[in-house]
1. Quickly estimate the mean residue ellipticity at 222 nm for the protein assembly as shown, helices only: each DSSP H run with n ≥ 4 gives -39500 (n - 2.57), and the total goes over all residues, rounded to 500.
2. Kindly work out what percent of the DSSP beta bridges joining two residues of the protein assembly as shown are antiparallel, to the nearest 5.
3. Name the residue farthest towards the positive end of the dipole of the protein assembly as shown from the options A:L174, B:Q44, B:T158, assuming +1 on Cβ of Lys and Arg, -1 on Cβ of Asp and Glu, about the Cα centre.
4. How much net charge surrounds A:S170 when only other residues with a Cβ under 9 Å from its Cβ are counted (Lys, Arg +1; Asp, Glu -1)?
5. When chain A is modelled as a GNM with alpha-carbon springs shorter than 10 Å, which of A:I186, A:I68, A:I128 fluctuates the most?
6. Select from B:N10, A:L117, B:I69 the residue farthest towards the positive end of the dipole of the protein assembly as shown; place +1 on Cβ of Lys and Arg, -1 on Cβ of Asp and Glu, and compute about the Cα centre.
7. Can you check what the net charge comes to around B:K155, using other residues whose Cβ is under 13 Å from the Cβ of B:K155 (Lys, Arg +1; Asp, Glu -1)?
8. Counting DSSP beta bridges with both partners in the stretch B:3-278, what percentage is antiparallel, nearest 5?
Amino acid sequence: MIKINNLSYSVKNLNNEKKDILKNLSINFLPGKITAITGSNGSGKSTLIKTIMGILKPDYGTIFFKDINITDFSITERAKLGISVAFQQPITFKGIKIKQLLEVAGAKSFNDMCLCLSKVGLCAKDYINRYYDSNLSGGEAKRIELAMCLAKNGEVFLFDEPEAGIDLWSVDNLVSLIKNLKDKTIIIVSHQQKILEIADEILILNDNGYEIGPQNIMLNKIKPIQTCGVLGDQK
Amino acid sequence: MNKIEQTIYNQTMQLTHQPSGAFSLRVNGQSAKQKSTNNIIIKQKQQKNGIDVIIKPNTQNESLHLPVILSDPGLKDSVYNDFYIGDNANIKIISGCGIHNDSNLTSTHNGIHTFHIGNNSFVEYIERHIALGLGKKKKLNPKTKIKLGQNSTLKILTQQISGVSNSNRITQAKLGENSSLIIEEKICTSNTEEAISNYNIELNGYQSSCKISSRSVAKNNSRQIFESNLIGKNKCFGHVECDGIILDKAKMYSTPKISAENSDSTLIHEATIGKIAGEQLTKLMTLGLNKEQAEEIIINGYLC
Ligand SMILES: Nc1ncnc2c1ncn2[C@@H]1O[C@H](COP(=O)(O)OP(=O)(O)OP(=O)(O)O)[C@@H](O)[C@H]1O
Ligand SMILES: [Mg+2]
């Protein structure tokens, strides 16, 4: 569904030295499969999501959506093709109501809005007339970010740490939300054990490169890190 | 009213018909229609253009609409309106001015509004400005002078919608004890338009407060200048927040000044000018909008 070939991305640091963030990634994300991406802070997870969405341009490599080479497609074109994203850090606005954003995303009726919002545990009547601005709590904004992504719909869902900032009660709901998108291609950055457990494949990014494999095998490789309670460096 | 005048009326009043309550319509420098109520008395001034509006004490939840229309090109109209608002009143005043001009002549409207507000009153004042037509010289200069009594609140929403080639808005206020002034300003300029906005607020009364929030968008080659001076002369609180978006080759100058003349004054100013945040555009594009559509939504929201 989404196929990346030899994808590389680097940045220049303050001393103008090149720093590789993604190095030569080749991965095939299959339809109907959930791929979880995990790895230490700064390992390039969000960078990969943004590269797939077209927000960052890779230095090298190609990205395919089905058999379409979308490497040079704009963000808008990718969105229209059917790629949806929920960012790690929600971007809020000034003076734009949640209702309007859900409409822009694709919700056609109050019912549609209600459906998307209830999937993220929010009551439409309490939220659609509120502004999507900095007055929302972090967790609320995060849930609305997810709701917009659901309203937008599509065939490929990119979720960047959807569990971050959401209270524990909701993690189970989040898991079922993801499970319910079962025929879609899901790429989800997460550190949450319950989410990793529903993944078909797990991709671990680290400073030396990456490793991808079936969930049961990969889960063992990250267990020691998970249980130490911090998302520290992987040795 | 002809079609053009009706359009101006609809946009500035956000109404299609004459509302109930007190009303005064001015068209092309003449008073065209006037209606007083028991509590709101409108009197034509004798010495100069304009009206005196007397709002009786204890007037509750009434409204006053004051549309001004300039559709004769080349007209220069100056009007002086004085509002005398009694104690314990609660009132909403909606004023608006629109110019239509297709010619090379200059149309100018100078609206000088003076508020004398008593004690314990709540006044909401809405002012919308617009100019239409192909002419390049459509000037609007609103001047607002305010005297706020004890425990009174004045809430102002001033909005320059579009098309005004030059505007120079001046707002001066003196605040009494425990009174509060809340100003929300929204200005949008494009092409070669120029908008100047100047505030001089004296926080004279004990525990008086003022909050000014200005949001503006400057497009194309337009220019905007914002200047304010909040002067704390007592234990008081003042806050100016200026937020500007510039696009294309526009220019924006912002000088929010605060002057503390009493050690118990707390005065804050914040000013930000910049392009539309790239990440906001990105977010909307991930929902399927193109860049132009995304910009439009962001700007409309910003100025709504
Ligand atoms: N313009 C830049 N200049 C220098 N370094 C950058 C720049 N942009 C990103 N980086 C670095 O790229 C690395 C990858 O960032 P990314 O956001 O993809 O990490 P992540 O894996 O999502 O981390 P987290 O778990 O904290 O969300 C980080 O080390 C970040 O500091
Ligand atoms: Mg990240």
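Bear in mind that the values in this text are calculations on the coordinates, not laboratory data. The model shown is predicted, which means the values in this text are computed figures rather than measured ones. Counting neighbours? That spans all protein chains shown, and the Cβs are built from the backbone with ideal geometry, glycine included.
1. -6000 deg cm²/dmol
2. Given both bridge residues lie in the protein assembly as shown, the antiparallel proportion sits at roughly 15 percent.
3. B:Q44
4. Local charge sum for A:S170: -2.
5. It is A:I68.
6. Sorting the options by dipole projection puts first B:I69.
7. Neighbour charge sum, excluding B:K155 itself: -2.
8. 5 percent
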